[in-house]
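The values are calculated or read from the model by the stated rules, or taken from the named source; none is laboratory data. Since this is a predicted model, take the numbers as computed values, not measurements. Neighbour counts are summed over all protein chains in view; Cβ atoms, including those assigned to glycine, are modelled from backbone coordinates with ideal geometry.
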Amino acid sequence: MTNLRSLVLLLAAVIGVAGHAAEPAFVLQNATCRFAVGPDGTTAYFGTPDGRHNVCEPGYPFMQVCLDGKAYGASSVQVDQLSLRVEFGGSGVVVRVRTETTPDHLALTVTEVLGQEVQWLQLVSLRLNITQNVGTLVNAAWDDQYAACVLACNDRTHAFGADGARAFLCAQCYPEFGTVGARAAIIGLPTGTPDPDRRLLAAIGRVELSEGLPHPLLNGVWIKESPGRLRSYLMVHDLGEANVDEVIRIARGGFGCIEFYPWRSTPSYELNPALFPNGLAGLKTVCDKIHAADMQVGLHVMQGMVGWGPKDDRYIVPRADSRLLQNRRGVLDADVDEHATTLLLSNGTSDWPEQGDLYVDGEIIRYTKRTETGFAQCQRRLHDTTATAHAAGTPVGLLVNCFPIWGGTVYCPDLQTNMPDEICDRLAEAFNAVGADMSYFDGGEELVVQPPHWRTIGTFALGVQRRLAKPVFLSGNACYTHLSWHVITRGSPHYDPIHFGRREYTLRFKGTNPANHAKNLLTGDVGWFAPHTHSLTADAVTPDEVLLLCLKAVGGKAPISFSVSAANLWTNERMAEMLEIIRACDELKQREYFSPAALAELARPRAEHHLEQPADGQWHLRPLKFGPPCTVNAASETR
């Protein structure tokens, strides 16, 4: 039925009235969207089906190809049975595309590419005049009248927004990953007020189900709409079996989730025996206590980082794993024994760095001097890997250090091996064992060094979520791609540790975080924030700073995240007041207490407010106004 409808629309567009140049070559249409392209390959219309609200910028090609660094726009479109035949100027390339319509979206699928091999094929190139909200990650744009989104339907398709100020929605494919089979879903629908973004999000959810894209459900509710995503979380360093009860006591004061790091080493994710002497059983006990207190369990992970913290992980010692990422390779030119500190390579070292770590048959060797023919001043058995003799002809690889900050060393799993699958299996096993509810995927630098980012950076977000018995509320550092967007709930926080000027930082960055992530239909995160005490390097955090943070979270419909150490939970003597503020604001947020107009005022950039509860029990917001600065003389009765 879908294909028949596409054929009817295509033929109707072609028959038209002879001699009318404005007649489109094809029209795809459902109940909410009409998409028309002219015979010259340019988009003529994209908008409401009645033809009255066209949001496209006409005159731009609806598809493009790139050959030898030059882009060619679609120049001719013909209907061929149930598909389109598209030519691209003088490129000699011909692309066949199958079209489909469904109640919620239109779809284009590449079925054949003829002619010279392309560098890339852009199967959707949709320029729109929507500017109010543009999300380049989810590849969507909307305003109070209309919304549009272009989704990649598989990992052969790279969907992205090419312009953050104006909707330019693209879907692209590449020969190295397969052009035939690349598929994009096109969504267009009227919005209106209130909450035009929620209407678009709901449509995307339906398309996820229709196209077989990830659509995590939690207790029967799509996780992107679950109220649990709004729960603020307490990040606790060094939480373990011995101190969990005290941590729960403080978290109960204002938080809905406790997030912690229970691991000793990565990426095997062995538990820290100092915190969990009873191993997995101890971790389960801790998580059971958190759940019994009606709070979520959050687990902090470093994704696929190899050697975050101790370098004695089993992927490193006693023999380093051969699947560690190496970006230069050579072979030994001569035998070396287990004590040698000079290595010779057969093909020289002209393109190698001056210093680095080498993988040689399970041993990691650090060289501090490069010569024309090899490496000198080598440190053997680095990280306590086993030093052995190596024969001439033994392969030598340069290990990639993805985190050289502060003199650190962190290795990477090669994404072209099955090592990432092993890591995902291990994480999912731990998450499932304790019933984890939330996770922060830190790290990701090991993914950033392995392009293309649109395929690689979401590796662990997608890999872990699809292995879970229960999906988790997920956010993180480098884990965001268009493909992984489907399994991610929240955007990244502004986690920079601020000791002075926190009010200004909240107004400029933390407070605007929800609005920034809302452009990609993600819940924000107004954090990370730490309740510093007074010291030579920090001003003590006060309740008014926390209130500013929390009201920005209320206005942006987002959680806050608070970072503390289990060793000094109550060091800030005003912690009880701050917890009460967090509790009250989270409750107001969950109850949707304030009107949309009040929320908009709270979220307004640089706006500050005070929260009051008079004797009648109602909550009120009062704008804060600041007078001119003045100097107070403590020794004087007057200023």
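Here is a list: LEU548, LEU599, LEU588. Which entry is without any contact (Cβ under 8 Å) to a residue 40 or more places away in the chain, assigned to a helix (DSSP H, G or I) and either among the hydroxyl-bearing types (Ser, Thr, Tyr) or touching a helix residue (DSSP H, G or I) at 6+ places or on another chain (Cβ under 7 Å) (or both)? Give the steps one after another, and end with the answer.
Details: LEU548 fails: without any contact (Cβ under 8 Å) to a residue 40 or more places away in the chain; LEU599 fails: without any contact (Cβ under 8 Å) to a residue 40 or more places away in the chain.
LEU588 is the lone residue from the list that is without any contact (Cβ under 8 Å) to a residue 40 or more places away in the chain, assigned to a helix (DSSP H, G or I) and either among the hydroxyl-bearing types (Ser, Thr, Tyr) or touching a helix residue (DSSP H, G or I) at 6+ places or on another chain (Cβ under 7 Å) (or both).
Checking ALA141 against (1) in contact with a Leu (Cβ under 8 Å, 6 or more places away or on another chain); (2) among the hydrophobic types (A, V, I, L, M, F, W, C); (3) under 30 Å from ASP68 (Cα atoms), which test does it fail?
(3)
Residues of region 229-258 being closer than 20 Å to VAL472 by Cβ and in contact with a Leu (Cβ under 6 Å, 6 or more places away or on another chain), which ones?
Once the filter is applied, which keeps residues that are closer than 20 Å to VAL472 by Cβ and in contact with a Leu (Cβ under 6 Å, 6 or more places away or on another chain), region 229-258 yields VAL247, ALA251, PHE255, ILE258.
For PHE500, are the conditions met, namely being closer than 20 Å to GLN296 by Cβ and not in a helix (DSSP H, G or I)? So that I can check it myself, show each step before the final result.
Numbers: closer than 20 Å to GLN296 by Cβ: no; not in a helix (DSSP H, G or I): yes.
When the stated conditions are applied, PHE500 does not pass them.
Restricting attention to region 553-565, does a residue exist that is closer than 22 Å to ASP437 by Cα and either in the same structural domain as MET235 (by TED's automatic domain parsing) or surrounded by fewer than 16 Cβ atoms within 10 Å (Cβ to Cβ) (or both)?
Yes, the conditions are met somewhere in region 553-565.
Only one of these is within 32 Å of the chain's Cα centre (by Cα), outside any loop (DSSP other than H, G, I, E, B) and modelled with pLDDT of 95 or more: VAL65, VAL86. Name it. Give the derivation first.
Values: VAL86 fails: within 32 Å of the chain's Cα centre (by Cα).
Residue meeting the stated conditions: VAL65.
If we keep just the residues of region 127-148 that are within 11 Å of ALA159 (Cβ to Cβ) and of a type outside the set (Gly, Ala, Ser), which is surrounded by the most Cβ atoms within 10 Å (Cβ to Cβ)?
Filtering region 127-148 for residues within 11 Å of ALA159 (Cβ to Cβ) gives 136-140.
Okay, now just the ones that are also of a type outside the set (Gly, Ala, Ser), so 136-139.
Details: THR136: 20, LEU137: 20, VAL138: 24, ASN139: 29.
That would be ASN139.
Go through region 496-520 and give me each residue that's surrounded by 22 or more Cβ atoms within 10 Å (Cβ to Cβ), of a type outside the set (D, E, K, R) and out of contact with any Pro (no Cβ under 7 Å at 6 or more places or on another chain).
Residues satisfying the conditions are THR506, GLY511, PRO514, HIS517.
Touching a residue at least 60 places away in the same chain (Cβ under 8 Å) and assigned to a helix (DSSP H, G or I) - does that describe any residue in region 255-274?
no
Using the structure shown, decide if HIS532 is assigned to a loop (DSSP other than H, G, I, E, B) and either surrounded by 15 or more Cβ atoms within 10 Å (Cβ to Cβ) or not small (Gly, Ala, Ser) (or both).
yes
Out of all the residues in region 446-485, which are crowded, with 23+ Cβ neighbours inside 10 Å, part of a helix (DSSP H, G or I) and not aliphatic (A, V, I, L, M)?
Scanning region 446-485 gives GLU446, THR459, PHE460, GLN465, SER484, TRP485.
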